[in-house]
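Only one structure is covered here, and it is reproduced in the block below.
The values are calculated or read from the model by the stated rules, or taken from the named source; none is laboratory data. Predicted, not measured: the structure shown is a model, and the values here were computed from it. Here the Cβ positions follow ideal geometry from the backbone for every residue, glycine too, while neighbour counts run over all protein chains shown.
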Amino acid sequence: MSHPGPEDAPDDLLHLLTCPTCRTQAIGRLLDERPAPDADDTREEIYAGAFARMAREAPELIERARRRREEMEALAAELMGAPPGRRSRMLQRTRFRKPELLDWLLEVSHARQLSDPGQAAHLARLAARLATLLRGDPEAMAALPRAFCLAANASRLEGRRAAADAALIRASLFLTDPAERAFYCRTLAVLRWEQGRADEARALLQHAAQLYTGEGLAHEAALCWTLQGLHLLEIGESGDALPLLVRGWAGVERDLQPLLALRGGLALAVCLAKVDQRDRASGVLREVWPLYSRVKDAAEMVRVYAWEGRALAVLGDTEEAMHLLDSVRHKLLNEPALAETTLTALDLARLLAANGRAAEIEPLAADLEAHFPETAVRAIATEGLRSLAAASGALEETGYAIEITLRRAFRICGERMRPLPVA
């Protein structure tokens, strides 16, 4: 496992601008040294004087920030160079009790959520420990809910939902700031979604979006709208999902969240095509495709291609959609991933049935029996596919009813699907 190191740190000026501790000290010093303005001073003169002082002070402030950064990097390197079991004890030493090290632990934990959730959880727990050791620092105590939420989300990504629940209970005890409450609500919402507690997930995402909007964090609110739309699609409420996906696609930070932006954009294309907005759906697809190169996780790209297959199916590109869905199905069979293989096979089966090829659905069910052990949940999966093969008329409605039943069965039986890539 690779450990984060000094190369993760920004350059001196960027650090001065982004490190809360250094930035606060720099602003405080500039304000302390500002002379009281005379009544005759104009606003332009006051600003000119402030900029002149900033120009004079900048080299010294940058040098001070550089020294603080080097000290933090040395501490971080020493901490991460020690065995994992010793790191929490090391934080008890006075020289490790630095707000800058706390900021670093939180930032790197957030950055590693998707790529290395195990390490992200470990770093978040270290951050929580360090924050408790810095009891006299209000900013450190205010960081506790963020640390616990990061630990919870990383645990969820690892599939350890009980640990995620426990961390979120601890986070709830320290919530004061609206933006941190919003982050907590979104983190809890995704966990509840994956636990099959749909109403709680929906309400929490709505509340998180409202809180982020109130704090002026439009891109974070857009991410919540995207998640709401995807959630509503999953439970069969595509009509309510459409306006949320539109708002999410318009505001989501595509460079920062390429994977969720991809999912949201493809889902939006599906919804638009279903309401006969095919030109708009095709336009969204064209906007989505450049994001493909931003996703490096091969397993996540398999899920992206499943969404693309659904979009192509609704847009009428049936043969390409069937080819893509069948390719995804084979990859999921080999992971192996029973729940997601079944749902992709169901998408393919809908197309086969709608095009007079219902006889080709039986091999899809047989593949599940050949690749997965005999269990109750496998029996539910194969029965769902075979019931679609036997259906006559209203195939779209029947397919959706089967999908919702299967998703519920997978949740109840604990058949895990790949966690949502939310960080």
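Worth a mention:
- One residue from Arg278, Arg294, Arg286 being under 25 Å from Arg112 (Cβ atoms) and free of Cβ contacts under 8 Å to residues at least 60 places away in the same chain: Arg294
- Beta carbons closer than 8 Å, at least 6 apart along the sequence or on distinct chains, pair a first residue in region 164-190 that is hydroxyl-bearing (Ser, Thr, Tyr) with a second that is part of a helix (DSSP H, G or I) and at pLDDT below 95 for Thr176/Ala142.
- Here is the figure for region 248-260: residues that are surrounded by 18 or more Cβ atoms within 10 Å (Cβ to Cβ) and not in a loop (DSSP other than H, G, I, E, B) total 5.
- In the set (1) outside any loop (DSSP other than H, G, I, E, B); (2) farther than 16 Å from Arg407 by Cα, Pro373 fails one condition alone, (1).
- Meets criteria (on the phi > 0 side of the Ramachandran plot, outside the structural domain of Gly265 (by TED's automatic domain parsing) and either surrounded by fewer than 17 Cβ atoms within 10 Å (Cβ to Cβ) or of a type outside the set (Asp, Glu) (or both)) for Ala379: no
- The one condition in (1) over 18 Å from Gly236 (Cα atoms); (2) polar (S, T, N, Q); (3) within 30 Å of the chain's Cα centre (by Cα) that Thr342 fails to fulfil: (1)
- Test: residue in region 306-328 that is touching an Asp or Glu at 6+ places or on another chain (Cβ under 9 Å), surrounded by 19 or more Cβ atoms within 10 Å (Cβ to Cβ), aliphatic (A, V, I, L, M) and farther than 20 Å from Leu266 by Cβ: no
- Residue check, Asp367 free of Cβ contacts under 8 Å to residues at least 60 places away in the same chain, surrounded by fewer than 19 Cβ atoms within 10 Å (Cβ to Cβ), part of a helix (DSSP H, G or I) and not assigned by TED's automatic domain parsing to the domain that holds Pro419: no
- Top-ranked residue of region 408-423 - restricted to ones that are among the aliphatic types (A, V, I, L, M) and not in a helix (DSSP H, G or I), ranked as nearest to the chain's Cα centre (by Cα): Val422
- Members of region 160-202 that are outside any helix (DSSP H, G or I) and either in contact with a strand residue (DSSP E or B) (Cβ under 7 Å, 6 or more places away or on another chain) or within 28 Å of Thr405 (Cβ to Cβ) (or both): Arg160, Gln195, Gly196, Arg197
- Residue match in region 347-369 (condition: more than 20 Å from Ala394 (Cβ to Cβ) and either under 29 Å from the mean Cα position of the chain (by Cα) or of a type in the set (Val, Ile, Thr) (or both)): no
- Residue satisfying all of: in region 80-103; part of a helix (DSSP H, G or I) and in contact (Cβ under 8 Å) with a residue 40 or more places away in the chain; surrounded by the fewest Cβ atoms within 10 Å (Cβ to Cβ) among these: Gly81
- Filtered residues of region 329-339 (kept if out of contact with any helix residue (DSSP H, G or I) (no Cβ under 7 Å at 6 or more places or on another chain) and surrounded by fewer than 20 Cβ atoms within 10 Å (Cβ to Cβ)): His330, Asn334, Glu335
- Selected residue (only one of Thr405, Thr342 is surrounded by 17 or more Cβ atoms within 10 Å (Cβ to Cβ), polar (S, T, N, Q) and in a helix (DSSP H, G or I)): Thr342
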